[in-house]
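To start, the structure itself, in structure tokens.
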Amino acid sequence: PHDTFVLRNGYEIPCIGFGTWKMPDGQEAIDAINVALDAGYRHFDTAAAYENEESVGKALRRSGIDRSELFVTSKLWASDRGYDSALKAFDSSLKKLGLEYLDLYLVHWPAAKGADEVWQKENADTWRALEKLYNDGYIRAIGVSNFKPHHLEPLMKVSEIDPMVNQVEMHPGFPQTETKKFCDLSGILVEAWSPLGQGRVLDDDRLLEIAVNYGVTVAQLCIRWCLQNNAVPLPKSMTPERIRENADVFGFDISADDMRKINELEQFGMSGLDPDEVDF
Ligand code: A2P
């Protein structure tokens with residue numbers, strides 16, 4: 001099991017999570033999760049929209065690992081926003097996962113299309129549902145995903161409990177400087193989805209040169225870079241060897257100088273899913 005970060009409410013979150021985006025529901029996902037459990041992952045990140053909650057739940061429940069040792073995240077899809085629909089969506093995720101509680105539940109996207117008052121109210125209503133589920137003991141921590149500061153600010157004006165986590169795309173070449181700074185100042189832990197830029201940063205020469213110096217792969221360098229920036233990397237792989245490789249990042253430290261070099265890499269390799277542009 002991995003070391004933990006501590007959320008604002010004192011709840012501990014294993015510092016690396018296993019991403020499951022694009023993992024089809026079924027035996028392949030179950031196999032990948034079993035490999036991940038063997039490799040020491042205890043933190044699993046899914047979402048209603050990934051349509052694999054049943055397999056994720058099955059693999060975790062069958063593992064024999066005590067529920068209290070596991071950290072499970074799911075996310076509420078954009079079309080389920082609103083107070084009543086959010087409560088329903090949560091219930092459906094919990095049932096599919098076959099669990100009694102979630103460790104973390106996130107609003108998947110800000111869905112900030114159209115008039116500000118409209119999406120801001122929808123997010124505020126959704127958030128009240130998450131606060132209720134949190135207060136009722138069904139979720140250990142609540143947060144958002146893909147929120148930029150201008151999405152977080154209106155929500156935090158009306159929230160009783162501020163988001164504890166914001167999960168965003170983050171990898172070398174796409175360091176989320178502004179959002180990261182805002183979250184750091186607000187006590188919101190950042191999680192990095194696609195910490196390998198969906199594989200696209202792996203053949204970058206500048207990263208390769210640094211990785212070679214530490215005797216690690218570019219994937220390991222990217223994951224370690226997240227950790228040293230106090231962000232939770234959520235690497236995804238279906239390949240046993242890579243699943244193990246991505247968790248083997250505790251035997252080296254990136255120097256301050258190299259951290260700076262990586263932080264300052266010019267922008268490249270964004271997935272194309274800009275929260276202000278997507279039509280969710
Ligand atoms: P695969 O699942 O076939 O192993 P990200 O987490 O940034 O979204 O990246 C996921 C992509 O990167 C997947 O296509 C995955 O492929 C690939 N990948 C994951 N880990 C590694 C690794 N250690 N080396 C090379 N490619 C990797």
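The values are calculated or read from the model by the stated rules, or taken from the named source; none is laboratory data. Quantities reported herein were computed from a predicted structural model and do not represent experimental measurements. Reconstructed Cβ throughout: ideal geometry from the backbone, glycine too, with neighbour counts over all protein chains shown.
Details
- Count - residues of region 185-225 that are more than 10 Å from the ligand (Cβ to nearest atom) and closer than 19 Å to residue 275 by Cβ: 5
- Of all residues in region 25-54 being outside any helix (DSSP H, G or I) and touching a Ser or Thr at 6+ places or on another chain (Cβ under 8 Å), the one that is farthest from residue 231 (Cα to Cα): 26
- Matching entry among 17, 82 (being small (Gly, Ala, Ser) and out of contact with any strand residue (DSSP E or B) (no Cβ under 8 Å at 6 or more places or on another chain)): 82
- The one condition in (1) at pLDDT 95 or above; (2) of a type in the set (S, T, N, Q); (3) over 19 Å from residue 13 (Cβ atoms); (4) more than 10 Å from the ligand (Cβ to nearest atom) that residue 237 fails to fulfil: (4)
- Each residue in region 240-266 was checked for being more than 16 Å from the ligand (Cβ to nearest atom) and either of a type outside the set (Gly, Ala, Ser) or outside any loop (DSSP other than H, G, I, E, B) (or both), and 11 of them qualify.
- Residue satisfying condition, being part of a helix (DSSP H, G or I) and touching a residue at least 40 places away in the same chain (Cβ under 8 Å), within set 121, 113, 96: 96
- Scanning region 15-28 for residues that are on the phi < 0 side of the Ramachandran plot and in contact (Cβ under 8 Å) with a residue 60 or more places away in the chain gives 15, 16, 17, 18, 19, 20, 21, 23, 28.
- Search result, residues across region 139-171 that are of a type in the set (D, E, K, R), in contact with an Asp or Glu (Cβ under 8 Å, 6 or more places away or on another chain) and not in a strand (DSSP E or B): 148, 160
- Of the residues making up region 1-40, those that are away from the ligand (no atom under 12 Å from the Cβ) and under 14 Å from the mean Cα position of the chain (by Cα) are 5, 7, 13, 14, 15.
- Cross-chain or 6+ apart pairs with Cβ under 6 Å, region 147-174 first and closer than 16 Å to residue 231 by Cβ, then modelled with pLDDT under 95 and part of a helix (DSSP H, G or I): 171/197
- Region 4-24, residues that are touching a helix residue (DSSP H, G or I) at 6+ places or on another chain (Cβ under 8 Å), assigned to a loop (DSSP other than H, G, I, E, B) and closer than 12 Å to residue 234 by Cα: 15, 16, 20, 21
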